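Asks: Just passing along the structure, written as structure tokens.
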Amino acid sequence: MNLTILGCYAATPRTITNPTAQVLEIRNRLFLIDCGEGTQVQLRKNKIRFSKINHIFISHLHGDHMYGLVGLISTFMLLNRKTDLHIHGPKGIKEIILLQLRYSNSFTGYNLHFNELSATESEIVHEDEKVVVKTIPLKHRIYTNGFLFQEKIGDRKLNIDAVQNHEIDTCYYQKIKNGKDITLDDGRIIPNDVLTFEPIPTKSYAFCSDTMYDESIISIIKDADILYHETTFLESEADKAEKTMHSTAKQAATIARKANVKQLILGHYSTRYDNIVLFKEEAETIFSNVLLADDGKTFEFD
């Protein structure tokens with residue numbers, strides 16, 4: 001599982017920073033999460049293939065999280081994309097995008113599928129044979145969701161020595177990997193745990209976009225391997241965080257500790273601060289495993 005940060009700063013883009021967008025690579029899928037202004041430029045800078053992005057998840061309809069979307073959709077068209085594109089985001093996103101495309105006479109040559117969200121409880125928004133994605137309802141000034149990406153448990157791993165020792169034909173290998181016991185010709189039943197090893201442990205990634213401190217998300221993200229949590233302010237500006245419905249570094253760390261996540265990544269920094277290390281230092285007073293997101297940074301999680 002790899003995470004590439006395309007942008008992680010709040011509000012307006014600058015020459016040295018970009019608004020929120022990131023790419024999660026999980027089980028050979030590339031998911032684009034939020035699409036702030038300048039996202040497609042950042043995709044090119046980070047050498048991420050546009051054609052591999054088939055699902056885009058938009059947390060909410062504030063500009064610093066979705067103003068790059070129509071531009072990216074249009075570029076896909078110019079590149080003669082044929083593959084369907086699925087966009088998961090708040091109700092209204094379809095109207096916004098189609099209106100822009102209609103008035104610019106820029107309809108796509110590929111299918112656009114909109115999955116508009118309005119539920120206030122966590123729900124599954126995407127699922128395939130390897131990954132499931134659920135919403136994390138957040139509390140912000142407008143309807144907002146985070147997203148929880150979870151790997152599904154894969155096949156068990158063959159213990160080749162054990163399989164060969166029992167002279168089991170290769171035609172039964174997939175059945176064994178699926179967790180089934182095997183009955184030999186002499187009637188003996190060989191338990192699956194003798195023939196296999198445990199599957200590769202699954203990983204999960206929780207993306208918490210703009211939100212005020214909210215303990216109701218803890219049950220959804222509990223025990224996640226990685227939590228990305230917004231931290232727009234330091235605790236010295238906690239009053240501003242509350243007023244604008246954002247979080248402080250200390251609050252993000254508190255959520256991480258109470259949810260028992262393994263690793264916390266901080267992002268969505270207000271550009272009022274000259275040094276983002278201050279966010280890490282504050283968070284580490286509450287939670288020890290803290291990383292700092294920054295534009296162009298890639299995290300690899302084995």
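Asks: Yes or no: Ile276 farther than 22 Å from Leu32 by Cβ and among the hydrophobic types (A, V, I, L, M, F, W, C)? I'd like the intermediate steps shown before the answer.
Replies: Details: farther than 22 Å from Leu32 by Cβ: yes; among the hydrophobic types (A, V, I, L, M, F, W, C): yes.
For Ile276, the condition - farther than 22 Å from Leu32 by Cβ and among the hydrophobic types (A, V, I, L, M, F, W, C) - is met.
Asks: Taking the stated definitions as given, is Pro201 more than 30 Å from Val70 (Cα to Cα), within 23 Å of the chain's Cα centre (by Cα) and not in a helix (DSSP H, G or I)?
Replies: Details: more than 30 Å from Val70 (Cα to Cα): yes; within 23 Å of the chain's Cα centre (by Cα): yes; not in a helix (DSSP H, G or I): yes.
It is true that Pro201 is more than 30 Å from Val70 (Cα to Cα), within 23 Å of the chain's Cα centre (by Cα) and not in a helix (DSSP H, G or I).
Asks: Would you mind finding the one in Ser74, Ser59 that is among the hydroxyl-bearing types (Ser, Thr, Tyr) and under 22 Å from Ser122 (Cβ atoms)? Reasoning before the result, please.
Replies: On the way: Ser74 fails: under 22 Å from Ser122 (Cβ atoms).
Exactly one residue qualifies, and that residue is Ser59.
Asks: Go through region 131-184 and give me each residue that's touching a Pro at 6+ places or on another chain (Cβ under 7 Å) and either outside any loop (DSSP other than H, G, I, E, B) or of a type in the set (Lys, Arg) (or both). Break it down into steps so the answer makes sense when it comes.
Replies: In the first step, residues of region 131-184 are kept if they are touching a Pro at 6+ places or on another chain (Cβ under 7 Å); the result is 143, 145, 153-157, 181.
Correct list: Asn145, Arg156, Lys157.
Asks: Within region 151-187, which residues are at pLDDT below 90 and basic (Lys, Arg)?
Replies: Arg156
Asks: Exactly one condition in (1) in contact (Cβ under 8 Å) with a residue 24 or more places away in the chain; (2) surrounded by 13 or more Cβ atoms within 10 Å (Cβ to Cβ); (3) in contact with a Phe, Trp or Tyr (Cβ under 9 Å, 6 or more places away or on another chain); (4) more than 15 Å from Ile56 (Cα to Cα) is not met by Ser118; state its number.
Replies: The failed condition is (2).
Asks: Sort through Thr202, Thr135, Thr170 and tell me the only one that's among the β-branched types (Val, Ile, Thr) and open to solvent by 90 Å² or more (accessible area, probe 1.4 Å).
Replies: Exactly one residue qualifies, and that residue is Thr170.
Asks: Where in region 1-100 are the strands (runs of 3 or more DSSP E), entirely inside, with at least 2 residues that are of a type in the set (Val, Ile, Thr), open to solvent by less than 30 Å² (accessible area, probe 1.4 Å) and touching a residue at least 40 places away in the same chain (Cβ under 8 Å)?
Replies: 2-7
The values are calculated or read from the model by the stated rules, or taken from the named source; none is laboratory data. Keep in mind that what you see is a predicted model, and the values were worked out from it rather than measured. Please note: Cβ atoms are built from the backbone with ideal geometry, for glycine as well, and neighbour counts cover all protein chains shown. Keep in mind that these areas ignore ligands, DNA and RNA; they rest on the heavy atoms of the full protein, side chains included. Shrake-Rupley method; radii C 1.70, N 1.55, O 1.52, S 1.80 Å.
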